[in-house]
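Below is one structure, written out as structure tokens; the observations come after it.
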Amino acid sequence: MEDMVAARGCGGATSSGPAAGCEGETQPTTPSPTGTRQRDLNRGALPPDRTQAILEATKQLAALLKAGGHPFALAGSVAAYAHGAAVSLQHDADFCVLREDADAVAVTLREAGIDVHAPAEDWLVKARCGGVEIDLIFDLSHLPVDRELLDRAETLPVDSVRMPVLTPTDLLGSLVAAFSEHHCDFAAVLPIARTLRERVDWDRLRLEHRDAPMPAAFFFLLERLDVIESQEACR
């Protein structure tokens, strides 16, 4: 399904056809035989690049959060993008917000026409804008989002809109803390670590995750790839 930047509540309009709301729905069309054959040829290919749709949704959400006076910080892959990492934005956008602000944030977004709902997980609320899923997180990799974390955020431009973004150290910390026996995609985090290595407090991350085997394995991989210095070399 193609994603369209919403015209109601999320700003912008499509180039043709009826405007899409924040749910990002489009009118069904009858596929041509040529189009069907092309899709058959493309089966098994990677999904289309959704970078611009995700950036548009990110900017709209950030503008609403700023206007509503809600403290927040951009996290996840879009935060890595803001810091200059070469990431492919394919899934969603993540924002850190305070748990005590969750209800007020939901009201702000709903008043702008954005669908907000509470999933079964008790550590976030979800929104949908322009066909893009938005996660509003108040427990980041099992650690509560607090004002100290948000106060450390750096203000960076995200596709021309300035907003608070998790620091490189906090961003990498959240990514490695999410590693587990059931979710351990080092390949997704490795290019981010390469790009941000000079701006990350690796000693702090090693200390914070010293008892966790998956982050320790990732740090060892970074050492063997000469992305970071080994602990022995630092002594």
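A few notes on this one:
- Complete set of residues in the range 106-151 that are free of Cβ contacts under 8 Å to residues at least 40 places away in the same chain, in a helix (DSSP H, G or I) and touching a strand residue (DSSP E or B) at 6+ places or on another chain (Cβ under 6 Å): ALA106, ARG110
- Lone unmet requirement of (1) more than 17 Å from the chain's Cα centre (by Cα); (2) surrounded by 16 or more Cβ atoms within 10 Å (Cβ to Cβ); (3) charged (D, E, K, R); (4) farther than 17 Å from ALA57 by Cβ for GLU154: (1)
- The residue that is farthest from ALA86 (Cα to Cα), counting only those in the range 192-213 that are part of a helix (DSSP H, G or I) and either open to solvent by less than 50 Å² (accessible area, probe 1.4 Å) or of a type in the set (Gly, Ala, Ser) (or both), is ARG206.
- Restricting the range 51-88 to residues that are in a loop (DSSP other than H, G, I, E, B), under 25 Å from PHE179 (Cβ atoms) and open to solvent by 40 Å² or more (accessible area, probe 1.4 Å), the residue that is modelled with the highest pLDDT: GLY84
- Within the range 170-183, restricting attention to residues that are surrounded by fewer than 18 Cβ atoms within 10 Å (Cβ to Cβ) and in contact (Cβ under 8 Å) with a residue 24 or more places away in the chain, the residue that is nearest to ILE54 (Cα to Cα) is ALA178.
- When GLU223, GLU154, GLU229 are checked against the criterion of being out of contact with any Cys (no Cβ under 8 Å at 6 or more places or on another chain), modelled with pLDDT of 95 or more and farther than 29 Å from LEU55 by Cβ, a single residue qualifies: GLU223.
The values are calculated or read from the model by the stated rules, or taken from the named source; none is laboratory data. Model, not experiment: these values are computed from the prediction. Because the Cβ atoms are built from the backbone with ideal geometry, glycine has one as well, and the counts that use them run over all protein chains shown. All accessible areas refer to the heavy atoms of the entire protein, side chains included, with ligands and DNA or RNA removed. Shrake-Rupley method; radii C 1.70, N 1.55, O 1.52, S 1.80 Å.
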